[in-house]
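The values are calculated or read from the model by the stated rules, or taken from the named source; none is laboratory data. In this text the structure is predicted, and so the values were computed from the model without any measurement. Cβ atoms come from the backbone with ideal geometry, glycine included; neighbour counts cover every protein chain shown. We work out accessible area using only protein heavy atoms, side chains counted, and drop any ligands, DNA or RNA first. Shrake-Rupley method; radii C 1.70, N 1.55, O 1.52, S 1.80 Å.
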Amino acid sequence: MNGLYDEFRIAVHSVWNRRWLALAVAWGICLLGWLVVALIPNSYESKARVFVEMQSILSDKVGIESRDRKKNMDRVQETLASTINLEKVVRGTDLNLSVASDRELAGKVEMLRKNIEIKSEKDNLFEITAKSSASNFSDAENAVLSRAIVQKMIDIFVEENLSGDRDETTQTLKFLDGQLATREKALQEAEQKRVQFETENLGLLPGVGSISQRIEASRAELRQIESQLASASSSLAALNGQLSGTPPTIATPGFGGASSGGGARGQLAQAQGKLASARARGWTDSHPDIIAMKSEIAALRAQVAAEPKGSRAYGTPNPAYSSLQSMRAERQASVAALQARKNAIQADMTQLMSKQSLEPGVAAEMARINRDYDVLKSQYDKLLQDREQIKLRGQVESETDSVKFKVIDPPSSPRSPAAPNRPLLLAMVLFVGLGGGVGAAFAMGQLQTSYPTSARLEKASGLPVIGSVSQILTSSQRAIRQKKMRLFYSAGGALVGVFALLMAVEFIQRGMVA
């Protein structure tokens, strides 16, 4: 413990012996440090807080979700310190007074970018901070300038959120209107092309009235007509057979003729009419009635041949024969009409089959035209829907004040510089100067070879030290030493006095700014 105490006393003694060196170094460090501190410009800081209130009742109804509004706020916050906005700040404040070229404007913009800070304290609370330390302005002017910068940033913040959204909506609607006009023109051209193609290839297109369907319908109609024609031909053949067996006249006996009933000739005609009628009903020759009728007709023919030639009868038109002739004419006309219709259908089918080879190509081209039309139509409908949605959203945002801004804390007017902390720096320079002086004196004492105590000398030489003699001063030496001590104290006091003077000047300057 005593060794440490002795070492401390030796160090203090070494520094004290070189106190003038310590004082000179302290003066040099302090003067240089205070000069550097004096050259540091004061920076004044102004702050403001803005609260953004978002209404969500009507906005949510039209599709403006809270995350969309939050995204817009984040976008504005990130782009608020953009070059364009900072140029607006320069042009709108006193910084514009010192701007004479684009290069100087770019320098001011870069300075503002470093000195402006925008941060979000909460979801809807924003703090804007700006510092001003322009060398060509006084402290009071820098204080006013910092407040003006914050106020301009608030104005831009509100403008970007209100008019910025409206400008974006206007630009979007203008773009969509242009796209809709282009799509509408293309859609009209596609419609005209489709109508023209359908008109030119009406019978070749798929769907109702296509060649395939027309051929199939013609085949079905042809089968029906063939069935009707076969039935009509069969009916006509039966009628012809019946007509061939029906006598055109009925024999009527004279006054001196045969017995009543018309004689054998009349009975033969009646029997032949019955036979023709039975065959018309579809009876065959093996039918018992047909066989009986044939036997009766054969017997009547024999009677007619045996009648005397002198007996003659008068011929009367047969009504059955006339009726059968009318029916035959009608059946012949029906058969002719059905045959003509059959020939016409076969001709149409032949013509349709010749065109059927063109149908696949026409169908493919029509499908391509319809596909292009559907794509254009869907794009047009989507753009139209988007335009109406954006128009509605823009009206909600502009006419209902969906976003409101409240300045909670207006831009502050700084009364003291935010940086640098000059009193602290001045005090630190003083302490560094004093410490540097003491350190320089101590280092010089370590570099010079001396023995402050007899123990040090005995240890260094290895020889025993008989004794030590203290310093003895005369009266004149004491007077000189006292004079030097007064000078030393005066110089040390002057150093502290300069520090106090600098502190007083600093606070006076702050008072002048306030």
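How far is it, in nm, from the label point at residue 466 to the one at residue 140 when both lie 7 Å from their Cα along the line to the Cβ?
Result: 8.0 nm between the two label points.
Extending each Cα 7 Å along its Cβ direction at residue 372 and residue 507, get the distance between those two points in nm, one decimal.
Placing both labels 7 Å along Cα→Cβ, they lie 8.9 nm apart.
What is the set of long-range amide H partners of residue 418 at a cut-off below 5 Å, with H atoms built 1.01 Å from backbone N?
43, 44, 45
Could you go through region 105-112 in sequence order and give the Karplus-derived ³J(HN,Hα) for each residue, using 6.51 cos²θ - 1.76 cosθ + 1.60 with θ = phi - 60°, rounded to whole Hz, and x for Gly and Pro?
4, 5, x, 5, 5, 5, 5, 5
Heads up, I need the accessible area for residue 285: 1.4 angstrom probe, whole protein in place, Å², nearest 10.
80
How much length is gained on full extension from residue 217 to residue 82, taking 0.36 nm per residue of separation minus their Cα-Cα distance?
Details: separation 135, 0.36 × 135 = 48.60 nm, distance 7.52 nm.
Computed gain between residue 217 and residue 82 is 41.1 nm.
Under the 0.36 nm per residue contour assumption, what length would be gained going from the current alpha-carbon distance of residue 406 and residue 284 to full extension? Walk me through the numbers on the way to the answer.
On the way: separation 122, 0.36 × 122 = 43.92 nm, distance 11.45 nm.
Length difference between fully extended and current span is 32.5 nm.
Per-residue counts of other Cβ atoms within 10 Å, averaged by peptide: what ranking do you get for 326-338, 483-495, highest first?
Most protected by this proxy first, the peptides run 326-338, 483-495.
Per-residue HN-Hα couplings for region 499-505, Karplus 6.51 cos²θ - 1.76 cosθ + 1.60 at θ = phi - 60°, whole Hz, x for Gly and Pro?
4, 5, 5, 5, 5, 5, 4
Distance in nm between label sites at residue 120 and residue 101, each 7 Å beyond Cα in the beta-carbon direction?
4.1
Figure the gain on full extension for residue 329 and residue 32 (residue separation times 0.36 nm, minus the Cα-Cα span) and round it to one decimal in nm. Numbers along the way, then the final one.
Working: separation 297, 0.36 × 297 = 106.92 nm, distance 14.30 nm.
Roughly 92.6 nm would be gained on extension.
Arrange the residues 172, 284, 93 by how much accessible surface each exposes, largest first, with a 1.4 angstrom probe.
Output order, biggest surface exposure first: 284, 172, 93.
Please go through the residue pairs 122/406; 119/174; 174/406; 119/391 and name each one whose alpha carbons sit more than 26 Å apart in this structure. Spell out each step's value before the answer.
Values: 122/406 14 Å; 119/174 34 Å; 174/406 32 Å; 119/391 32 Å.
Beyond 26 Å between Cα atoms: 119/174; 174/406; 119/391.
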